[in-house]
1. Sort out which residues of segment 153-191 are surrounded by fewer than 23 Cβ atoms within 10 Å (Cβ to Cβ) and part of a loop (DSSP other than H, G, I, E, B), and write them in order of number.
2. Given the conditions (1) free of Cβ contacts under 8 Å to residues at least 12 places away in the same chain; (2) within 14 Å of residue 120 (Cβ to Cβ); (3) not in a helix (DSSP H, G or I), and given that residue 150 satisfies all but one, which numbered condition is not satisfied?
3. For residues that are assigned to a helix (DSSP H, G or I) and out of contact with any helix residue (DSSP H, G or I) (no Cβ under 7 Å at 6 or more places or on another chain), tally how many sit in segment 198-219.
4. Hey, does segment 220-229 have a residue that's farther than 26 Å from residue 26 by Cα and assigned to a helix (DSSP H, G or I)?
5. Scanning segment 25-40 for residues that are within 14 Å of the chain's Cα centre (by Cα) and in a strand (DSSP E or B), which turns out farthest from residue 65 (Cα to Cα)?
6. If you check 232, 252, which single one turns out to be in contact (Cβ under 8 Å) with a residue 60 or more places away in the chain, within 29 Å of residue 171 (Cβ to Cβ) and in a strand (DSSP E or B)?
7. Looking for whichever is surrounded by 14 or more Cβ atoms within 10 Å (Cβ to Cβ) and touching a strand residue (DSSP E or B) at 6+ places or on another chain (Cβ under 9 Å) here; the options are 228, 210. Which one fits?
8. Restricting the search to segment 235-246, which residues are in a loop (DSSP other than H, G, I, E, B) and either surrounded by 15 or more Cβ atoms within 10 Å (Cβ to Cβ) or without any contact (Cβ under 8 Å) to a residue 40 or more places away in the chain (or both)?
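Only the coordinates and a few stated rules stand behind these numbers; no lab work does. Worth saying up front: this structure is predicted, and the values here are computed from it rather than measured. Cβ: placed from backbone, ideal geometry, glycine included. Neighbour counts: every protein chain shown.
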């Protein structure tokens, strides 16, 4: 199936590992030119080199912290100067630490808002004008099933990520007239470093092994397993494609049925 993405310019944040890395690879497989960023230079450059080698696409990589509005602005300007446009943006950042409410600090809350909400604002402010010029765009955020169903020990994520959902709906309403689609992808339990961190926290709190924690998650899901990053990435790529041309303002769950609501 032709997704109509060959030659499109895509920016993927948090692309050095996990779902962000899988998304960059999936977009490259469709022939997109890539701009990728994350905080760690060495890991990011290694990812960029591997993607170039495997898929033969242009990859512009730059280390930055998406909590830094000025760094995001400069990065987007450099991407636009290199490729002439930005048509797809995947806003992604690692989640805040797993903690119960009374264990959180004011600094924890500030960092969570900067990393998981304001980073999305910073990217949107910079890339949407680029998309308006071409009258075509896909702005996709990556959050969590916590936007639908709060998860124990993830109070920071439970709260901060809901703000992203409100932003997504608002941007979809405002910029649909410009040919820009804005959607959110909300993964459930996915085999990433983030999930290992949560398993470690719960293991200590519940006096269970990490393998027992993982087993409980798989039992709770109708598909009886956790997701692979590529499965979330495939959903993101579909939303970025011409095949999802009448979908905007939505939160798409990729959770194996973990969410219990209707």
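1. Those that are surrounded by fewer than 23 Cβ atoms within 10 Å (Cβ to Cβ) and part of a loop (DSSP other than H, G, I, E, B): 153, 179, 191.
2. (2)
3. 12
4. yes
5. 36
6. 252
7. Going through 228, 210 in turn, the sole match is 228.
8. Residues satisfying the conditions are 241, 246.
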